[in-house]
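Only the coordinates and a few stated rules stand behind these numbers; no lab work does. Here the structure is a predicted model, which is why all the values come from computation and not from measurement. Here the Cβ positions follow ideal geometry from the backbone for every residue, glycine too, while neighbour counts run over all protein chains shown.
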Amino acid sequence: MTHFESARLKVFPLSLFFETHLQTPYSLDDVKDKVYSFSSKPGIRIYKVPPVRNFLVEDVDGKWVYWGLCYVLSVHHDYEKQETSGTFKIVRLNTAEEMEEMFKLTHFTNPEQNYF
């Protein structure tokens, strides 16, 4: 496993690949009812609880990709390490066009982080 794959495993489902999604878009059926986990995210993060949705965003080398929406199901804070871990379920996947539009609508203050 490469360093990138190892780091990605901690924060994003390895079953979703942007390049694949561009060619043959994933559908919600591909991920629905699956529970994903994330671990060791730096900082203490607070998430809204279901049924309020949270953005599902992948950080690709400092560039942000807005994949869709998720429900955060559980959260664990490690106050000594200042890290957050938890589980989530994907409730919406964006098309490639929607990914680009979501960045423009929600992340406009840092255009240098735009993956597109």
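Sparsely packed loop sites in segment 16-61 (the trypsin sites (Lys or Arg not before Pro) outside DSSP H, G, I, E and B with at most 12 other Cβ atoms within 10 Å) comprise K32, K34, K48. Charge dipole of the chain (Cα centre as origin; +1 on each Lys and Arg Cβ, -1 on each Asp and Glu Cβ, all else neutral): 440 debye, rounded to the nearest 20.
To test your reading of the geometry: what angle, between 0 and 90 degrees and rounded to tens, separates the Cα axis of helix 96-106 from the longest principal axis of the chain? On a 0 to 90 degree scale, this one is about 60. In the set (1) 53; (2) 69; (3) 58, the label that goes with percent of Cα pairs over 17 Å apart computed for this structure is (3).
Computed over the chain, the per-residue total of -39500 (n - 2.57) for DSSP H runs of n ≥ 4 gives a 222 nm mean residue ellipticity of -6000 deg cm²/dmol, rounded to 500. Candidate cross-link partners of K81 among the lysines, defined by an alpha-carbon separation under 23 Å and a same-chain spacing of 8 or more, comprise K10, K41, K48. Working note: Karplus 6.51/-1.76/1.60 with θ = phi - 60° gives segment 86-91 the couplings x, 10, 8, 10, 7, 10 Hz, where Gly and Pro are set to x. Scanning residues 5 or more positions from L56 or on other chains, those with amide H under 5 Å from its amide H are W67, G68, L69, C70, with H placed 1.01 Å from N in the peptide plane. Beta bridges per DSSP, both residues in the chain: antiparallel share near 95 percent.
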